[in-house]
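One structure below.
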Amino acid sequence: MTLNVPSVLCCAAVLQRTDGSVLLVQRPLHKSMGGMWEFPGGKVEPFETPQNTIIREVFEEIGVVINLNDISPFTFVSHTYNHFHLNMFVFLCRNWLGEIFLKEGQPDFAWVAPYDLEKYLVPDADEPIIKRLIGG
């Protein structure tokens, strides 16, 4: 099958606390899929590794510092939306420095137990991440 949409490479982080809860951040209301909940992350820039992308994006979005040694590959998502195809590396992180501070106009964030993740409206590409977190 040939896709007639651009392909986008991005990364997301599953920040997980010791109690097992994970961080969801609400997308800014004025952006595409505004108001939906997502895992922090963003697009890979030219000449940037996925690991460096997630370290940069997490700091830019929520103000916490992640070290390279504190992330590990979690899953990979490939999903086609109407206007683009998303390829997303997903990393698990259980250690970071700092407190969550929403820096890009996001309305809210929540620490969510894996079994409650399905109660949140998320972009379609995040569904496989949630299924993996709840053991599905």
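Rule-based calculations on the coordinates, nothing more; no lab input. Just so you know, these numbers come straight off a predicted model, no measurement behind them. No Cβ is skipped: glycine too gets one built from the backbone with ideal geometry, and neighbour counts run over all protein chains shown.
Tell me what the chain gives for mean residue ellipticity at 222 nm when only DSSP H runs of n ≥ 4 count, each as -39,500 (n - 2.57), the sum divided by the residue total, rounded to 500 deg cm²/dmol.
My calculation for the chain gives -4500 deg cm²/dmol from helical runs alone.
Let me check against my output: what whole-number percent is the relative contact order of segment 7-127, with C-alpha pairs under 8 Å and at least 6 apart?
Relative contact order here is 36 percent.
Using Cα-Cα distances under 8 Å and only pairs 6 or more residues apart, what relative contact order does segment 22-84 have, in percent?
Relative contact order, segment 22-84: 19 percent.
Given the chain, what count of lysine pairs have C-alpha atoms under 22 Å apart, with each pair 8 or more places apart or on different chains?
Details: Lys31/Lys43; Lys31/Lys103; Lys31/Lys119; Lys43/Lys103; Lys119/Lys131.
Summing the qualifying lysine pairs gives 5.
Quick check on the exposure proxy: order Met36, Met88 from fewest to most C-beta atoms within 10 angstrom.
Met36, Met88
Using 0.36 nm times the number of residues separating His83 and Gln51, minus their current alpha carbon distance, what extension gain do you get?
8.9 nm
Please identify the longest segment of the chain free of exposed chymotrypsin sites (Phe, Trp or Tyr not before Pro), where exposed means a DSSP state other than H, G, I, E or B and no more than 16 other Cβ atoms within 10 Å.
My reading of the result: 1-46 is the longest stretch.
For the chain, give me the percentage of DSSP beta bridges that are antiparallel, rounded to the nearest 5 percent. If you can, show how the numbers build up before the last one.
Working: 20 of 29 bridges.
Restricted to the chain, the bridges split so that about 70 percent are antiparallel.
Out of these labelled values of percent of Cα pairs over 25 Å apart, (i) 31; (ii) 20; (iii) 28, which was calculated from the coordinates shown here?
Only one option fits the structure, namely (ii).
What is the gain in length, in nm to one decimal, between Leu9 and Asp108 on full extension, counting 0.36 nm per residue of separation less the C-alpha to C-alpha distance?
Stretched out fully, the Leu9 to Asp108 stretch lengthens by 33.1 nm.
If you find the alpha carbon centre of segment 79-93 and of segment 32-67, how far apart are they in angstrom?
12
Under a crude label model (7 Å from the Cα following the beta-carbon direction), how far is Glu99 from Tyr115 in nanometres?
3.0
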